[in-house]
Every structure is written in C-alpha cells, then in structure tokens.
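The block underneath contains the structure these notes are about, expressed in structure tokens.
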Amino acid sequence: MLKDCGKKTDFNDTLHVWKGIKDIFMTRRYMYINVGDNVFHVIPARCFESREAFEQCFDTALEYWRADNSVNST
C-alpha cells in the first residue's frame with residue numbers, strides 16, 4: 001500500500017515520492033503526511049481495523065521516509 005503512494009481519479013493523478021515528503025507525524029486520531037507548504041494527506045485512525053494497524057501503517061511510512069531521506073543526506 002505505501003510503496004506506491006499515489007492518488008488517481010478521473011480528474012487527478014498525483015504521486016508523491018518519499019524524498020519529497022517534508023514530515024510525517026501522528027496524533028491519537030490522525031496521521032499527517034506533509035507533502036508541501038501547508039499541504040497534508042490526513043489519514044484518520046478510524047480507517048483502520050485496529051489501533052495496532054494504524055500504528056503499524058505509521059511506523060512503515062516513517063521507515064520508508066527516513067530510509068529515503070538518509071540516502072539523500074549522506
């Protein structure tokens with residue numbers, strides 16, 4: 001799911017690569033993926049079957065983001 005992060009509709013086709021993401025963080029109820037100046041993908045925890053699944057998705061996203069950014073910062 002997170003490897004190919006993009007959104008495609010009849011009117012829109014968007015792809016964000018991990019190195020282009022500015023920040024990823026979560027609160028108790030939402031995960032925020034900052035893709036630009038004041039532009040976020042907001043993912044509600046209620047979309048997941050459990051809190052554990054929500055936290056696992058966040059951990060995976062954070063892992064991908066950190067891995068891509070650590071390659072670019074060396």
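The values are calculated or read from the model by the stated rules, or taken from the named source; none is laboratory data. Since the model is a prediction, treat every value here as computed from it, not as a measurement. All Cβ positions, glycine included, derive from the backbone under ideal geometry; neighbour counts span all protein chains shown.
Looking at region 9-19 only, could you name the residues that are among the charged types (D, E, K, R) and loosely packed, with under 10 Cβ neighbours inside 10 Å? It would help to see each step written out before you state the result.
Going residue by residue through region 9-19, those that are among the charged types (D, E, K, R) are 10, 13, 19.
Correct list: ASP10, ASP13.
Within region 57-70, residues that are in contact (Cβ under 8 Å) with a residue 12 or more places away in the chain and on the phi > 0 side of the Ramachandran plot reach no partner that is assigned to a helix (DSSP H, G or I) and not aliphatic (A, V, I, L, M) with beta carbons closer than 7 Å at six or more positions or on different chains.
In region 20-45, how many residues are out of contact with any strand residue (DSSP E or B) (no Cβ under 8 Å at 6 or more places or on another chain) and either surrounded by 12 or more Cβ atoms within 10 Å (Cβ to Cβ) or at pLDDT 95 or above (or both)? Before the answer, list the steps.
So the first thing to find is which residues in region 20-45 are out of contact with any strand residue (DSSP E or B) (no Cβ under 8 Å at 6 or more places or on another chain), and the list is 27-28, 36-39.
Next, from what is left, pick out any that are either surrounded by 12 or more Cβ atoms within 10 Å (Cβ to Cβ) or at pLDDT 95 or above (or both): 27-28.
Adding up the residues that qualify gives 2.
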